[in-house]
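The values are calculated or read from the model by the stated rules, or taken from the named source; none is laboratory data. All values derive from a computational prediction rather than experimental measurement. With ideal geometry, Cβ positions are generated from the backbone for all residues, glycine too; neighbour counts draw on all protein chains shown. With ligands, DNA and RNA removed, areas are computed over all heavy atoms of the protein, side chains included. Shrake-Rupley method; radii C 1.70, N 1.55, O 1.52, S 1.80 Å.
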Amino acid sequence: MDVPLWLALIVVGALGIKLIRPPWWLVVVILLGGFLLADSFLAPAIDTAITK
């Protein structure tokens with residue numbers, strides 16, 4: 001099952017806000033940073049670290 005990245009980010013953000021209740025700006029920074037890292041030159045290194 002392939003889930004679009006934007007949908008996964010929305011779901012993770014909503015769950016994080018509901019369960020942990022962090023400030024909104026922190027959620028936005030973390031989600032935007034993750035989205036930008038996914039398209040960066042660091043993506044293969046992150047993928048390797050996560051899948052091991």
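All but one of (1) assigned to a helix (DSSP H, G or I); (2) open to solvent by less than 80 Å² (accessible area, probe 1.4 Å) hold for Pro22; state the number of the condition that does not hold.
(1)
Evaluate the following for Lys18: is it over 10 Å from the mean Cα position of the chain (by Cα) and modelled with pLDDT of 85 or more? Even if it seems obvious, please write down each step before you answer.
On the way: over 10 Å from the mean Cα position of the chain (by Cα): yes; modelled with pLDDT of 85 or more: yes.
The answer is yes for Lys18.
Taking the stated definitions as given, is Leu26 within 14 Å of the chain's Cα centre (by Cα) and in contact (Cβ under 8 Å) with a residue 12 or more places away in the chain? First the steps, then the outcome.
Working: within 14 Å of the chain's Cα centre (by Cα): yes; in contact (Cβ under 8 Å) with a residue 12 or more places away in the chain: no.
Against the criterion (within 14 Å of the chain's Cα centre (by Cα) and in contact (Cβ under 8 Å) with a residue 12 or more places away in the chain), Leu26 does not qualify.
If the requirement is being modelled with pLDDT under 85 and exposed (fewer than 11 other Cβ atoms within 10 Å of the Cβ), which of these qualifies: Asp47, Asp39?
Values: Asp47 fails: exposed (fewer than 11 other Cβ atoms within 10 Å of the Cβ).
That would be Asp39, the only listed residue that is modelled with pLDDT under 85 and exposed (fewer than 11 other Cβ atoms within 10 Å of the Cβ).
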